[in-house]
Amino acid sequence: MSEFISYLFAIFVVTPLQAELSERLQGVPSQEIIQAGRACIAVEGPQLLQFAQDNWGWAVANGLGVAAGLVDPVTLLPPGNENCQRVVQALGSREADA
């Protein structure tokens, strides 16, 4: 059952998270930030899947929230990853400027 939850979480959260980051990073002049985004997903994607397997309630709530557009998938990135922090900060400052 946990593999099924993980599969659904990958479809409804991790894949949209990757797409969301790619879309938001379009036009960012810094290759460093784009590389940080890729590194963030490469490390945190599998960890999010493992967390979803271990915490079904969290996985279902966030999966439905992301699918319905109520939860920004970027908010699921852990603050402890330096690459993820850099990306979230860059996106926050870019969106504040818009």
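Every number in this text was worked out from the coordinates using simple rules, so none of it is lab data. In this text, all values refer to a predicted model and were calculated from it rather than measured experimentally. Note that we place each Cβ from the backbone using ideal geometry, even for glycine, and neighbour counts take in every protein chain shown.
Search the stretch 33-52 for residues that are assigned to a helix (DSSP H, G or I) and pair each with any residue that is of a type in the set (K, R) when their beta-carbon atoms are under 9 Å apart and the residues are at least 6 apart or on different chains.
Final answer for the pair search is I33/R86; A36/R86; G37/R24; G37/R86; C40/R86.
For the stretch 51-66, give me the residue count where each residue is surrounded by 15 or more Cβ atoms within 10 Å (Cβ to Cβ), among the hydrophobic types (A, V, I, L, M, F, W, C) and within 22 Å of S22 (Cα to Cα).
So the count comes out to 1.
Can you tell me how many residues within the stretch 1-50 are β-branched (V, I, T) and surrounded by fewer than 17 Cβ atoms within 10 Å (Cβ to Cβ)? Lay out the reasoning, then the answer.
Applying the first criterion (β-branched (V, I, T)) to the stretch 1-50 yields 5, 11, 13-15, 28, 33-34, 41, 43.
With the extra rule that they be surrounded by fewer than 17 Cβ atoms within 10 Å (Cβ to Cβ), the set shrinks to 11, 15, 28, 43.
Of the residues in the stretch 1-50, 4 are β-branched (V, I, T) and surrounded by fewer than 17 Cβ atoms within 10 Å (Cβ to Cβ).
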